[in-house]
Every structure is written in C-alpha cells, then in structure tokens.
1. Among the residues of segment 405-429, which ones are in contact with an Asp or Glu (Cβ under 9 Å, 6 or more places away or on another chain) and over 25 Å from residue 293 (Cα atoms)?
2. Taking the conditions exactly as written (over 30 Å from residue 321 (Cα atoms), in a loop (DSSP other than H, G, I, E, B) and touching a Lys or Arg at 6+ places or on another chain (Cβ under 8 Å)), does residue 482 satisfy them or not?
3. Within segment 429-451, which residues are touching a residue at least 60 places away in the same chain (Cβ under 8 Å) and not in a loop (DSSP other than H, G, I, E, B)?
4. Tell me which of these residue 454 doesn't satisfy, since it passes every other one: (1) more than 30 Å from residue 530 (Cβ to Cβ); (2) of a type outside the set (A, V, I, L, M, F, W, C); (3) loosely packed, with under 15 Cβ neighbours inside 10 Å; (4) touching a Ser or Thr at 6+ places or on another chain (Cβ under 6 Å).
5. Tell me yes or no: at least one residue of segment 318-327 is surrounded by 16 or more Cβ atoms within 10 Å (Cβ to Cβ), in contact (Cβ under 8 Å) with a residue 40 or more places away in the chain and polar (S, T, N, Q).
6. So, residue 406, is that one of a type outside the set (Gly, Ala, Ser) and part of a loop (DSSP other than H, G, I, E, B) or not?
7. In this structure, is residue 456 under 18 Å from residue 435 (Cα atoms) and not in a strand (DSSP E or B)?
8. Can you tell me which residue is least open to solvent (accessible area, probe 1.4 Å) among those in segment 356-386 that are among the charged types (D, E, K, R) and free of Cβ contacts under 8 Å to residues at least 40 places away in the same chain?
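The values are calculated or read from the model by the stated rules, or taken from the named source; none is laboratory data. None of the values given here were measured: they were computed from a predicted structure. Cβ placement follows ideal geometry from the backbone for every residue including glycine, while neighbour counts extend to all protein chains displayed. For the accessible areas, the whole protein counts, side chains as well, though only heavy atoms, and no ligand, DNA or RNA atoms are used. Shrake-Rupley method; radii C 1.70, N 1.55, O 1.52, S 1.80 Å.
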Amino acid sequence: LAQARVPLAPSIPLLGAEVGAMGDSDEEEMKAMRGSTRYGGNTRKPATKAEPKPAKDDSDDDDNRPPRRMSAKALAASYGAKDDSEEETVMADDKDVDEMQGFFMPMSFGKQKEKKTMDIISHNANQRKGRGVAAAPAKPGSIQFGKRLMDAASATGAKSRADKAEEKAQAEEKAQAAQAEEEAAPVGPLVAEEDTAMEEPDELPEPGKEKETLPVSHEVTIAAHEKAVTALGFDPKASRMCTGSMDGNIKLFDFHGMSEEKEAFRTLEPVEGHLVQAISFGVTGGQVLVCCSDSMARIYDRDGTTKPIQTTVKGDMYVRHMEHTKGHTQMLTSGIWHPFRQEHFLTASLDGTLRLWDMTADPVGMDQQLPSVHVLKTLDRRNVCVGGASGKHGGLYPTCCNFSPTDAKKIVGGCSDGSVQLFFEKPRYLKPDRILRAAHSAALTGVAFVPEGGESNLLVTRALDNTMKVWDSRMLSDAKGPVKVFEDLPCGHEKTGLCISPDGKYIVTGTSFAKGALGSATVRVYEAKTFKAVKTLDFGKKNALQMAWPEEINQLVVGTGTGEVVMLYSPFSSKKGAMHFVGKKAKAKPANQIEEAGSGPIFNMTDTNDIKRFYATGHGDMYKIRRGEARAEGKKLIPTRPENSGEKIPDQTFGDFAALALKVGAKQLHLNNTRETDKDAQKALLEYQDKANAAQSKLVDGAYANNPNILDYSEDLSEGDSRMGLAMKGDFCRKCGMKNCRCVDYSRYGLNGKKPRLS
C-alpha cells in the first residue's frame with residue numbers, strides 16, 4: 001500500500017511502447033488496481049486507438065516527466081502538447097488527474113464514497129481574500145478596481161467629508177449668531193407678527209428614531225375648569241387624571257372611557273370656598289392626596305367618593321413650638337406623595353413647617369383624624385421658625401416641596417423669601433441640612449430634581465423673579481452659585497411650576513402673559529445636560545401654570561390660567577392617554593338612559609352606612625334609582641280639579657263649542673290657571689267649615705256625648721308589681737338597696753338632713 005501511494009505521473013494511459021519500456025512490477029500492479037472494478041472500475045473515457053510509436057528510454061521518460069506538484073491543466077498540457085502535428089490519444093479529465101497524483105488515494109480497501117471537494121479556483125479565491133494576495137488580472141471587458149479607480153474614489157470621499165464639515169461649521173455659526181441675538185434682545189419675548197404667529201410644523205422623525213421625538217407635535221384641549229388650573233395629578237399607569245382649580249373643584253378624567261366630548265366622570269368640591277393647592281396620586285394609584293387652602297389635607301379614593309377616606313388633624317394654633325402639635329395650624333401651600341411608600345406623604349403650610357404623615361398611624365381626637373409623624377422646620381435668617389402669617393418681620397413659609405425621585409432620601413422646600421432649604425433622610429427631622437439664602441430674589445413657585453441613573457443630584461428651582469436656576473445638591477452653597485441660570489422667563493402667577501421628563505433629558509417650564517406687555521405665554525423645553533433651548537411653544541394669552549410628563553403615556557400635559565388642560569403628544573412616540581379619545585365619537589344614549597353627568601349617588605364601600613344604601617338601591621342600579629325619583633316627583637304634582645257638580649253642558653253653538661274645546665285642551669295639558677271656575681282649595685274648604693260645625697252630626701256625636709271615658713288606657717297591675725311599687729316609694733340606699741343601712745350614699749351626700757361625717 002505504501003508503494004501504491006507513491007505519486008506517479010501515469011494519470012494518463014500511456015501508449016503500448018511506453019508500457020513496454022516501463023514494464024516495472026510496481027507500475028503493473030498500479031495499472032491492475034486502477035483497472036479493477038473493485039475500486040469503482042474504469043471511470044475515465046475510453047481511449048481512442050492510435051498508431052504505435054517507437055519506444056523511448058527510461059532516462060528520457062524520467063527527464064520528460066512533469067514535476068510532481070503541477071496543476072491538472074499544466075499536467076495535461078505537458079503530456080498532450082509534445083507535438084502539434086500528433087493527435088492526442090487520451091481524453092484526460094482534471095478530476096482524474098488530481099486523483100491519480102496521490103492526493104485523494106483511499107486509505108483502506110473497498111468501495112469508497114465520492115467526497116465533495118472544493119474547487120481549486122474557489123479555494124484560491126478564498127485564500128487570496130483571507131491573506132490579502134493580489135488579485136489575478138481582470139479579463140477584457142470586465143470592471144477593474146485598479147489604482148486609478150481607487151484614487152478617484154478616495155478623492156470623492158475626501159470632498160464629501162469636506163463638504164459635510166463645512167456645512168456643520170456654517171450651522172454652528174448660525175446657532176451662535178442666533179444665540180448672540182437672543183442675548184442682545186430686550187427683556188421679554190418679542191411681538192410675533194400675524195403671518196409668523198403660527199409655529200412651523202415639525203419635521204418627520206428619522207427612521208428608527210421615532211421614539212426619541214418630543215411629544216409636542218399634536219395637541220388636544222380639555223375644558224376642565226372655569227378658573228386657573230392650579231394642580232395636576234396622574235396615577236402610576238397614567239390612565240386617570242385629576243385636576244384642581246381656583247374655583248375649588250377637583251375633576252377626575254378616565255382616558256379609557258372618554259370620547260371627543262372630553263367630559264370628567266366625577267366632580268367634587270372638597271372644601272367650600274377654598275382653592276385647590278396640590279394633587280398627588282399614591283404609589284398604588286388607589287388614593288389621591290388633595291391639599292386645599294385650609295389647614296387639613298384629605299385623602300380620597302381613585303373613584304372620587306364624596307366623603308374622604310382620611311383627613312389630617314388640625315394643630316393647636318396657640319402652641320408656639322410646632323413640634324408639640326400634631327397638625328398644621330395654618331393654610332396648606334403644597335403636598336406630594338412619597339415616590340416609593342404608599343403610606344407616607346408630605347405637606348407644606350403657611351405655619352412655616354413641612355410635615356410627614358403616615359397613613360398607618362393611630363388616629364387622634366373625637367373625629368379620629370391622622371396625626372403627623374415628623375416636623376421639618378424652615379428657618380429664617382435668625383435660624384428661627386416663624387410662620388408667614390404671623391405678621392412678624394422676617395417670617396417665612398414653604399411655598400412648594402418635593403422628594404428626590406430616585407431614592408427619596410432628599411426633601412427640598414422652596415420658601416417665600418427666595419431661599420431653598422434641603423433636608424436629608426434621617427430618623428428624626430428638625431432643622432434643614434443645607435440652606436441657600438440667596439437662591440432667588442422672590443418667592444419660589446416650583447422645585448424638582450433631575451433623575452440621572454440612580455441619583456438625583458441636579459436641583460431645578462423656579463421663582464417669581466422671572467428666572468429658573470439649576471443647582472448641584474452635592475455643592476449647595478451661595479458662594480458656589482448655580483450651575484445654570486435661565487433668565488427672561490416671565491412669571492406672574494404663584495402656581496407657575498416646572499417638570500422633568502421621565503428619562504431626565506429635558507426640563508420644561510412655562511411663562512406668563514401680562515396685560516399690556518409684549519409677547520405671549522409660552523412653554524419652553526430645555527436639555528438637562530447642555531441646557532440648550534430645544535422647543536418653544538406659543539400659548540397666546542393662556543398662562544402655562546402646571547406641567548406634568550407621565551412616563552407611561554409620554555405626553556406633556558399643561559394646565560393653563562384659563563381653566564383648560566392642554567395635552568401635547570406625538571403619534572410616533574406617545575401612547576394611550578389622548579390617543580384613546582381623539583377621534584372617538586360619543587355613544588348616543590337612549591331616552592330612558594339620559595341623565596345628568598355626576599348626578600348619581602356615590603357610595604363609599606368602606607363605610608357601613610353607604611354599603612347598606614348601596615344594597616338598598618338595588619346594587620347601585622341607576623334605573624331603579626331614577627324610577628324611584630320619578631315617583632317622588634310625581635307625587636308633588638298638583639292633580640287637575642274636578643268639574644263643579646251640577647253644571648250643565650252648554651248648548652252646541654259655535655261659541656260654546658269653542659270654549660268647551662279650549663277647556664278640554666287645557667285640562668289635558670294640565671293648564672289649570674286657564675279655567676275661570678278654579679278656586680283656591682283652602683278657601684273652598686273654609687267655606688264649608690261653618691256648615692260642618694253647625695250640623696254636628698247627631699248620628700255620631702250624640703252616641704258618645706254622655707260617655708267621656710269610652711277609651712280606657714289604664715292597665716291592671718299584678719300583686720307583685722303593686723308591692724314592688726310600694727317598696728320603691730320613699731327613701732332608700734342607692735348603694736345596697738336597703739332603707740335602713742349604715743353605708744354612705746355618696747350620690748345623695750348631705751341630703752335628708754344627714755350631716756357629713758368629719759372624722
């Protein structure tokens with residue numbers, strides 16, 4: 001077998017003379033093996049007969065034999081192209097030539113399966129591609145990527161990059177020039193011309209970046225209140241919205257059940273005559289914190305029951321130290337729920353304190369109201385907590401408050417003197433840990449933290465001094481100052497707020513419109529990292545007050561000074577929310593189901609009395625309730641009086657017939673005042689009173705005239721009851737029940753002539 005694997009050249013059958021000259025035993029054995037049918041037989045094409053040629057010497061054959069590692073084509077050419085005039089005697093196949101060179105010789109006896117091998121040309125192509133071997137020269141008429149073409153491509157690419165760099169430089173120059181013009185412009189927004197008052201439409205987002213677009217391309221307006229919207233709140237899933245206003249009402253909206261009419265499913269007035277300061281949903285979304293302009297906060301459920309679930313207790317206004325009383329003593333200014341704990345919430349008041357409340361705390365007082373668990377004092381320049389309504393010089397109070405959204409370990413309060421006071425989480429709160437005395441020159445209207453990963457280090461403040469500032473809470477001091485100051489932001493309302501996008505990329509605030517001043521109210525969006533202005537939305541004469549950006553719907557909601565709520569969204573990046581009711585027609589109700597919105601009773605299923613009422617009214621079935629109300633209203637109607645007895649039917653003349661027709665029609669329409677014969681019922685009864693007294697019907701009154709005791713209500717007492725009654729008469733001891741006893745009756749001490757014992 002080792003001899004058989006010697007790579008020989010007889011892959012092409014030799015002529016008879018050559019076989020005779022190479023009559024070697026090894027070659028004969030190899031020839032016999034190739035011709036055997038055991039190894040697949042002779043798969044080559046049969047050779048054509050040719051004239052015998054003279055034999056050659058072995059030395060000549062060895063010299064003329066081709067080298068060992070030659071390709072199939074070169075090997076065939078060396079044997080077949082010896083003489084152009086001679087005919088080829090064998091038709092050689094490239095595959096057979098390679099096989100007979102010994103590269104694919106079987107290692108064992110028996111019939112072998114044919115293996116699929118990669119073509120040599122393909123293998124060489126892969127090898128060049130992998131090792132960077134120079135490519136073979138191209139054929140005529142084909143595309144050749146030579147040096148000239150590569151140089152042209154490089155020149156084109158360099159030119160394109162230069163053009164892009166030049167365009168980018170021009171864009172930056174334009175942006176710098178626009179920023180310089182904006183800084184050099186006078187204070188206040190410029191007057192917009194009538195032709196350019198409308199904003200330019202937003203461009204379509206690039207493919208793959210639809211989710212990154214700002215949700216401000218479309219808007220829908222909800223006419224919620226008659227006065228300015230001062231509070232906005234969304235549940236965690238952003239399926240319900242609660243709004244509060246200066247008219248004292250709160251309204252609940254359900255986006256899933258709304259239509260184009262955009263009506264609220266519940267309207268409440270927590271306290272009559274008090275505006276709504278703040279609204280905040282709990283972590284679970286089942287409870288709503290409502291802070292009005294009184295001293296007590298109220299907790300409602302998400303369905304808007306008339307009676308609150310819980311109410312905070314009112315503090316003692318005569319106690320000087322606020323930590324010694326259980327509640328606020330003056331008007332609330334703000335409130336917010338804890339971002340992670342469903343039982344904790346925070347409120348701010350005019351008494352100069354922030355208070356933390358716990359829903360699981362033991363209620364106090366006869367009304368079983370909720371007490372506070374922590375008191376956070378805001379200090380003035382003398383480091384004294386003096387409420388703003390005390391009338392003393394230097395008194396301040398917190399106007400707004402907030403938690404850090406990522407960890408809730410920081411509590412910030414914006415005060416009426418322009419200071420910002422920061423509290424860190426601790427077992428017992430007392431004084432603020434950081435104070436910015438000169439943060440603003442006027443009262444603050446809103447504070448918020450910018451979330452960045454798992455931290456909330458940037459603090460944004462908004463004030464009535466027409467500025468908005470960004471601070472680093474890690475380096476909070478008046479000496480270092482703010483990180484960024486946004487000026488020329490008109491603020492004419494004390495409830496002008498701000499909000500941060502859910503991903504922490506954008507800061508949103510609103511401006512106010514002043515009568516007689518230039519410009520209009522706007523909503524401005526800035527980047528949180530570069531602090532560049534991204535978008536400015538024109539709101540005309542509607543002051544942008546409260547703002548919210550829920551994560552679940554990715555929509556920017558703005559409460560305005562006219563009582564409207566504007567929902568800004570984008571069809572590409574927004575979902576749910578306004579997308580539910582935009583274009584949704586309201587269903588027409590049948591006549592028997594028409595009722596006024598919010599006129600039905602509200603049942604608090606946590607109250608025993610309301611549960612009984614709920615089951616008494618047929619499980620809250622409005623049809624049964626409406627039928628009962630219709631019956632009650634029907635009983636109040638005055639029925640038509642009968643005709644006077646003995647009246648004759650008038651003659652059938654034209655005039656009498658017309659008068660009779662009018663009388664019958666008026667009777668059917670219940671028009672009682674059209675009849676001339678109608679009289680007052682009371683007067684008619686009084687006319688018969690004298691006749692009734694004079695008659696004194698002898699059939700009835702005479703029978704009982706001589707028997708006044710006909711109705712005897714006395715009862716027969718048994719002997720035991722009578723004795724007990726006699727025994728109970730007189731004086732006896734209230735302690736032992738005996739008439740004669742030696743115990744002292746303290747309930748009747750000093751009576752019946754008894755003198756008190758002195759020793």
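1. The answer is 406, 407, 408, 409, 410, 424, 425, 426.
2. Values: over 30 Å from residue 321 (Cα atoms): yes; in a loop (DSSP other than H, G, I, E, B): yes; touching a Lys or Arg at 6+ places or on another chain (Cβ under 8 Å): yes.
Considered against the rule, which asks whether it is over 30 Å from residue 321 (Cα atoms), in a loop (DSSP other than H, G, I, E, B) and touching a Lys or Arg at 6+ places or on another chain (Cβ under 8 Å), residue 482 comes out as yes.
3. 446, 450
4. Against the list (1) more than 30 Å from residue 530 (Cβ to Cβ); (2) of a type outside the set (A, V, I, L, M, F, W, C); (3) loosely packed, with under 15 Cβ neighbours inside 10 Å; (4) touching a Ser or Thr at 6+ places or on another chain (Cβ under 6 Å), residue 454 comes up short only on (1).
5. No; the residues of segment 318-327 include none that is surrounded by 16 or more Cβ atoms within 10 Å (Cβ to Cβ), in contact (Cβ under 8 Å) with a residue 40 or more places away in the chain and polar (S, T, N, Q).
6. Numbers: of a type outside the set (Gly, Ala, Ser): yes; part of a loop (DSSP other than H, G, I, E, B): yes.
Here the answer is yes, as residue 406 does meet what is asked.
7. Details: under 18 Å from residue 435 (Cα atoms): yes; not in a strand (DSSP E or B): no.
When the stated conditions are applied, residue 456 does not pass them.
8. Of the residues in segment 356-386, the ones among the charged types (D, E, K, R) are 358, 362, 367, 377, 380-382.
Narrowing further to those that are free of Cβ contacts under 8 Å to residues at least 40 places away in the same chain: 358, 362, 380, 382.
Numbers: 358: 29, 362: 121, 380: 5, 382: 143 Å².
Top of the filtered list is 380.
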